[in-house]
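J.: Below you will find the structure I want to go over with you.
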Amino acid sequence: MKCGFVALVGKPNSGKSTLLNHLLLEKIAIVSDKPQTTRSEIRGILTTEDMQMIFTDTPGIHKAFNRLSTRLNKEATTVLKGVDVIYYVVDGTTKFDEEDEAIIQMIKNAGLPVFLIFNKIDKLKKENVLKSLLFWKDQYEFNEIFPLSALKQDDFKDLLTTTASYLPEFEQFYPTEMITDSPIDFRIAELIREKILLNTHEEVPHAVAVYIENKEMDEDACHIDALVLVEKDGQKAIIIGKQGSMLQKIIYEASKEIEILLDQKVSLDIFVRVEKDWRQKDHRISELGYGLTDE
Ligand SMILES: Nc1nc2c(ncn2[C@@H]2O[C@H](COP(=O)(O)OP(=O)(O)O)[C@@H](O)[C@H]2O)c(=O)[nH]1
Ligand SMILES: [Mg+2]
């Protein structure tokens with residue numbers, strides 16, 4: 001069967017995680033409007049009768065301000081090793097800038113087939129899409145160009161068949177029913193982090209880490225204890241909210257999605273703790289499952 005690896009690269013917020021989830025018809029990677037939402041390599045596995053594609057969603061390329069950022073950047077470039085096709089996902093509503101230039105340099109060096117995924121066309125007029133595509137065509141000799149909407153479109157057949165034609169013949173790497181290799185606790189922690197990102201602003205989203213401390217089943221439900229780390233007392237106060245109202249909202253929204261993921265009732269407890277500088281500590285970043293582990 002056709003079998004291979006596809007890496008999704010692009011600036012933060014361009015829609016890589018959204019595309020991954022919609023290609024796989026399941027939420028594998030969390031999505032928010034905050035840059036740096038994705039903090040680790042997330043793999044989505046799509047298997048049909050005659051092909052298996054392994055998509056890797058990478059943290060976006062961005063300026064590194066701290067140890068976590070440095071490691072996320074490193075991961076985004078390392079991820080191209082062993083890849084068969086690159087999807088360069090761009091947000092069609094934003095301007096070409098020096099970050100795009102850096103990414104083009106990176107894909108040039110990789111020497112692999114590159115698809116330009118010109119995303120968010122639902123937000124653009126048709127004539128502007130055409131104009132932009134003409135511009136992008138001149139920036140690099142892309143093997144394929146796909147204007148699409150990762151969010152609104154529900155059929156990616158054309159993209160998938162074209163991608164398959166670039167893949168080698170191989171035995172499948174993963175079992176047919178497997179759709180991601182992320183551990184289940186990590187996926188639960190990520191769903192909680194997503195709800196925090198969606199409900200908070202400014203520096204809070206970047207300062208948050210989530211860790212599942214305990215998970216226990218009884219006849220009624222799955223009881224989950226999650227630890228939320230922040231860096232300052234003020235951030236803890238924001239996440240807890242007036243009389244715990246924000247925390248209740250986060251617990252409610254996260255529980256709903258965790259119940260879908262686990263396919264059972266969930267009772268979720270969240271404990272918020274201040275841990276100054278966790279983003280500067282390598283062992284902490286690794287424990288939390290962000291960035292590359294084998295540095
Ligand atoms: N209108 C529109 N919004 C999109 C589309 N794809 C992604 N988004 C939004 O863009 C934001 C960033 O998406 P995300 O997948 O997290 O980007 P990533 O940082 O590249 O992984 C989210 O708010 C998405 O809902 C699209 O095709 N159309
Ligand atoms: Mg992402």
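J.: Would you check which residues across the range 199-216 are touching a residue at least 12 places away in the same chain (Cβ under 8 Å) and surrounded by fewer than 17 Cβ atoms within 10 Å (Cβ to Cβ) and list them?
T.: Selection gives Glu203, Glu213, Lys215.
J.: Related question: Restricting the range 264-280 to residues that are among the charged types (D, E, K, R) and over 14 Å from Asp218 (Cα atoms), which is surrounded by the fewest Cβ atoms within 10 Å (Cβ to Cβ)?
T.: Looking at the filtered set, the residue picked out is Asp277.
J.: Return the pairs, sorted by first residue and then second, in which the second residue is more than 10 Å from ligand 2 (Cβ to nearest atom) and not hydrophobic (A, V, I, L, M, F, W, C), the first residue lies in the range 27-56 and is not assigned by TED's automatic domain parsing to the domain that holds Lys16, the beta carbons are less than 7 Å apart, and the residues are 6+ apart or on different chains.
T.: If the second residue must be more than 10 Å from ligand 2 (Cβ to nearest atom) and not hydrophobic (A, V, I, L, M, F, W, C), no pairs are left.
J.: Anything in the range 266-295 that is farther than 14 Å from Val210 by Cβ and in contact with a strand residue (DSSP E or B) (Cβ under 7 Å, 6 or more places away or on another chain)? List them, or say none.
T.: Hits for the range 266-295 are Val266, Ser267, Val274.
Yes/no per residue for (1) at pLDDT below 95; (2) touching a Phe, Trp or Tyr at 6+ places or on another chain (Cβ under 8 Å):
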{"site": "Thr93", "(1), (2)": "no, no"}
{"site": "Ala110", "(1), (2)": "yes, no"}
{"site": "Leu116", "(1), (2)": "no, yes"}
{"site": "Asp122", "(1), (2)": "no, no"}
{"site": "Leu134", "(1), (2)": "no, no"}
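J.: Check off (1) under 23 Å from Met217 (Cα atoms); (2) surrounded by 13 or more Cβ atoms within 10 Å (Cβ to Cβ) for Gly291 and give me the number that stays unchecked.
T.: For Gly291, the exception is condition (1).
J.: Next up: Would you point out which residue out of Gln105, Gln139, Gln172 is outside the structural domain of Lys81 (by TED's automatic domain parsing), away from ligand 1 (no atom under 15 Å from the Cβ) and over 15 Å from Ser14 (Cα atoms)?
T.: Matching residue, one of Gln105, Gln139, Gln172: Gln172.
J.: Farther than 25 Å from Ser286 by Cβ and either near ligand 1 (Cβ under 8 Å from one of its atoms) or not in a strand (DSSP E or B) (or both), is that true of Lys11?
T.: It is true that Lys11 is farther than 25 Å from Ser286 by Cβ and either near ligand 1 (Cβ under 8 Å from one of its atoms) or not in a strand (DSSP E or B) (or both).
J.: Any idea how many residues of the range 14-30 are among the aliphatic types (A, V, I, L, M), crowded, with 20+ Cβ neighbours inside 10 Å and assigned to a loop (DSSP other than H, G, I, E, B)?
T.: Final tally of qualifying residues: 3.
The values are calculated or read from the model by the stated rules, or taken from the named source; none is laboratory data. Predicted model, so just to flag it, every value in this text is computed and none were measured. Cβ atoms come from the backbone with ideal geometry, glycine included; neighbour counts cover every protein chain shown.
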